[in-house]
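Peer 1: Below you'll find the structure I mean.
The values are calculated or read from the model by the stated rules, or taken from the named source; none is laboratory data. Given the structure is predicted, the values throughout are model-derived calculations rather than measurements. Counting neighbours? That spans all protein chains shown, and the Cβs are built from the backbone with ideal geometry, glycine included. These area figures cover heavy atoms from the full protein model, side chains too; ligands, DNA and RNA do not enter into them. Shrake-Rupley method; radii C 1.70, N 1.55, O 1.52, S 1.80 Å.
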Amino acid sequence: MPGMARRRTGWGRMPPMTTPPGGSSGDPAGRPPGALLDCVLERITYANEETGYTIARVATERGGNELLTVVGPLLGAQVGESLRLTGRWGSHPRYGRQFEVWSYTTVLPATIQGIQRYLGSGLIKGIGPKMAERIVDHFGTDTLRVIEEEPARLVEVPGLGPKRTKMIAAAWEEQKIIKEVMIFLQGVGVSTSIAVRIFKQYGEESIDVVRKEPYRLADDVWGIGFKTADTIAQAVGIPHDSPERVKAGLRYTLSQAADDGHCYLPAPNLVADAVKILEVSAELTAACLEELVAEEGVVREEVPAGESTVPAVYLVPFHRAERSLAGTLLGLLSSGHDRLKVFTDVDWPTALDWLRGRTGADLAPEQAQAVRLALSEKVAVLTGGPGCGKSFTVRSIVTLARAKRAKVILAAPTGRAAKRLAELTGHEATTVHRLLQLRPGGDATFDRDNPLDADLVVVDEASMLDLLLANKLVKAVAPGAHLLFVGDVDQLPSVGAGEVLRDLLAAPEIPRVRLTQIFRQAQESGVVVNAHRVNTGQQPLVRDFPDFFLFPCEEPEEIAALTVDVVARRIPAKFGLNPRRDVQVLAPMHRGAAGAGALNIALQEALTPSREGMPERRYGGRVFRVGDKVTQLRNNYDKGAAGVFNGTVGVVTGLSLEESKLTVLTDEDEDVDYSFDELDELAHAYAVSIHRSQGSEYPAVVIPLATSAWMMLQRNLLYTAITRAKKLVVIVGSRRALAQAVRTRGAGRRHTGLTHRLHTS
């Protein structure tokens, strides 16, 4: 299909949009010039987000109604676009004749059918399939010229008023600018999806920023790390040994360490790690580190480590947060004011007798100690495993506090955890983010200058609290108020940097109670019993309980297929649970045949398949449909009533090609809209990594365990997965992988300085 004879800058033939694996973005070296194929992208049948490899079906002018298969790097191309493919013809032994793509460009369609399909694909906001048909019926092959040169004429189309006409014209102009920016960005090796993010951040200044300050991208644009910025920087001529590059690499190394949970790195570790990434000398790297410290780009401080100290290097936000958190906690502990002073002289035996009458149950000695501690100490920690009565203890604390008319606030890091906390206590609970009313940029409405009006603040699932969020929370607690952290310290630490709960428990200054007694009713649960067995290094009992199963199989592909069958068919048939709402697959890792990525594709096909006439939208390697279970991948303070945060789960309830938007009902019962260019913030959540499941609880959990995830198979990972289940655990996989997970104690401690900062002596 030929492109339009008349082409404007940014809308004609563009540089290759992707790079084929193992080759250049043009014709691979050593191969003759490729064949050209003009076509319209009709359907994508497979796309690998990591490699860009795509299998698609396209329509050609000469092919009539028959679709042709093309394979290769097509990630970023949208259904409905007209493409010019460069590559070669070949034949697959099973699937027959196909075109192997080396590179592609987009061109404007020239036929009535192509124009209608292009406009109705959702690429231009304000035009859906039906409106595209009306516009093309009216203007024919002149349609794109009219939109480009005489957009006011769109009002001639029935159903198009001035408001919608302006929206379409604005969307068309934005697409033009994006395409022009992409021409430059793709020339320096930037993929389509990354180019869109850069444009959203900088607009028409994108090219200028990329040329002059490429390393800004790593700080400013979500999803761009140092490696992408470095590739761009080298393409625009930044020297390999430039101090600017080395300093950016040092900051990147620290940010990678933060992603791994560390608040700082010892200076020798930082230099050694950065040298590997940058491939420059240790002398140059150490010299640039000194410059960074002098410029206050990072902070270096001696931090105790065993019997000696280490030169700890922090990114500035983590150093400030760690010092602030420690200082604020010590300030709360030593405050001369007490908003729960009524409990200083309380007759505890009488109070506990009254409590027994209200709840109908006795507190175990450890639980009674925890109740007294929370109401008499201004900062305290309550920890313990499943079945040990943490929830009943919290309910007892809240009941007593409210009996004395105390103002109580309950919070948890996730929406699911907050809902569960509210159900258990009979008292309203909220997420920490909503409690603090975080604003765009991440600043909290409630802070030291505007504290929460509460006498008692209880934070459940505190193992999930990372350093930055814990600091924001603690700063919002009023002097004299009581703060209780509740959590299971044996679970995985927070996804973000720090291990706040563990550091608090390691500091003698912080009062704490650890519940250890498993109650009789809990002893009948395979979920509870096996969680404790795994936590102590014992193999789980897989034949003794009606709520804990092992389906043994070895190969990752077999594990994946059986996992889908267990979720979609076996659990619903035996237990009557809804496979989408009540069952959650928790995978040790994202990659691989039995990883969360591949399982999401298979589970979506089983639970939310494509249906004729139902809209869907592809973004990269993902296809979004109404009914999909999805999760948010980053904190976005601009979305929803009070932001949408990393780990928030929801269901797609609406998808409009005409309005170029998708609607998600979150687990906090809020409808949140996403424009199509924001879909990089969402991933499917039929299967999630065990790390992302923290703070959530599900009726049933399915855990695929393959030996291919060997390095991830650790005790606290498996323990965390098991403790996410309320009623049922099914492990699908290798007995050897299960044994490895149980016997491996897990990664060492993170680099944090909070415990030593809490020492008052």
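Peer 1: Roll a 1.4 Å probe over the protein heavy atoms and report the accessible area of Asp273 in Å², nearest 10.
Peer 2: 60
Peer 1: Beyond a 24 Å Cα-Cα separation, which of these cross-linked pairs lie in this structure: Lys661/Lys726; Lys176/Lys247; Lys574/Lys727; Lys341/Lys407; Lys629/Lys661; Lys125/Lys227?
Peer 2: Distance filter (> 24 Å) returns Lys661/Lys726; Lys176/Lys247; Lys125/Lys227.
Peer 1: So which trypsin sites (Lys or Arg not before Pro) in region 91-164 end up in coil per DSSP with only 10 or fewer other C-beta atoms within 10 Å?
Peer 2: Of the trypsin sites (Lys or Arg not before Pro), the ones in loops of region 91-164 whose Cβ has at most 10 other Cβ atoms within 10 Å are Arg94.
Peer 1: Turning to a different aspect of this structure: List the relative contact order of region 325-400 as a percent without decimals, with contacts defined as Cα pairs under 8 Å and 6+ residues apart.
Peer 2: 37
Peer 1: Over the chain, average the accessible area per residue using a 1.4 Å probe and give it in Å², no decimals.
Peer 2: 43
Peer 1: Moving to a separate point now. Between Lys212 and Gln369, what is the label-point separation in nm under the 7 Å Cα-to-beta-carbon projection?
Peer 2: Simple spin-label model gives 6.4 nm for this pair.
Peer 1: More than 27 angstrom separation, counting every C-alpha pair in region 221-346; what % is that?
Peer 2: Beyond 27 Å sits 33 percent of the P(r) for region 221-346.
Peer 1: Nearest 0.05, what FRET efficiency do Gln113 and Lys227 give at R0 = 45 Å with Cβ-Cβ as r?
Peer 2: Plugging the Cβ-Cβ distance into 1/(1 + (r/R0)^6) gives 0.60.
Peer 1: So how much accessible area does Val651 have, in Å² to the nearest 10, using a 1.4 Å probe?
Peer 2: For Val651, the solvent-accessible surface is approximately 50 Å².
Peer 1: Can you tell me the orientation of helix 192-202 relative to the chain, as the angle in degrees between its alpha-carbon axis and the longest Cα principal axis, to the nearest 10?
Peer 2: 70
Peer 1: Longest segment of the chain with no GluC sites (Glu not before Pro) in a DSSP loop having at most 16 other Cβ atoms within 10 Å?
Peer 2: Counting at most 16 other Cβ atoms within 10 Å as exposed, the longest clean stretch of the chain is 67-278.
Peer 1: Report the net charge of residues surrounding Gly627, where surrounding means a beta-carbon distance below 10 angstrom and charges are Lys +1, Arg +1, Asp -1, Glu -1.
Peer 2: Local charge sum for Gly627: +3.
Peer 1: In degrees, nearest 10, range 0 to 90: what is the angle between the Cα axis of helix 348-359 and the longest Cα principal axis of the chain?
Peer 2: 50
Peer 1: Here is a follow-up. Quick one: putting +1 on the C-beta of Lys and Arg, -1 on the C-beta of Asp and Glu, what dipole do you get for the chain around its Cα centre, in Debye to the nearest 20?
Peer 2: Its charge dipole is roughly 1540 debye.
Peer 1: Now a separate question. Could you tell me the calculated FRET efficiency between Ala606 and Glu61, based on Cβ-Cβ distance and R0 = 51 angstrom, to the nearest 0.05?
Peer 2: 0.85
Peer 1: Please compute the net charge surrounding Asp449, taking Lys and Arg as +1 and Asp and Glu as -1 over other residues with Cβ under 12 Å from its Cβ.
Peer 2: Here the count lands on 0.
Peer 1: May I ask you to give the average projected area over all directions of the convex hull of the Cα atoms of region 530-652, in nm² rounded to one decimal?
Peer 2: 10.7
Peer 1: Turning to a different aspect of this structure: Tally up the carbon and sulfur contribution to the accessible surface of region 477-588 as a whole percent, 1.4 Å probe, everything protein left in place.
Peer 2: Carbon and sulfur: 51 percent of the exposed surface of region 477-588.
Peer 1: Cα convex hull of the chain: how many Å³ per residue?
Peer 2: Here the figure is 189 Å³ per residue.
Peer 1: Determine how large the accessible area of Met614 is when every protein chain is in place; take a 1.4 Å probe and give Å² rounded to the nearest 10.
Peer 2: Around 90 Å² of this residue is reachable by solvent.
Peer 1: Still on this model: Percent relative contact order of the chain, based on C-alpha pairs within less than 8 angstrom and at least six residues apart?
Peer 2: Worked out over the chain, it gives 11 percent.
Peer 1: Given a Förster radius of 30 Å and the C-beta distance between Glu279 and Tyr637 as r, what FRET efficiency does 1/(1 + (r/R0)^6) yield to the nearest 0.05?
Peer 2: 0.20
Peer 1: What is the gain in length, in nm to one decimal, between His240 and Gln175 on full extension, counting 0.36 nm per residue of separation less the C-alpha to C-alpha distance?
Peer 2: Contour length minus the Cα-Cα distance gives 20.0 nm.
Peer 1: Follow-up question, since we're still on this one. How far is helix 365-376 tilted off the main Cα axis of the chain, in degrees rounded to 10, range 0 to 90?
Peer 2: So the inclination is approximately 80 degrees.
Peer 1: As a check on your grasp of the helix formula, calculate [θ] at 222 nm for the chain: sum -39500 (n - 2.57) over DSSP H runs of n ≥ 4, divide by the residue count, round to the nearest 500.
Peer 2: Value at 222 nm, helices only, nearest 500: -11000 deg cm²/dmol.
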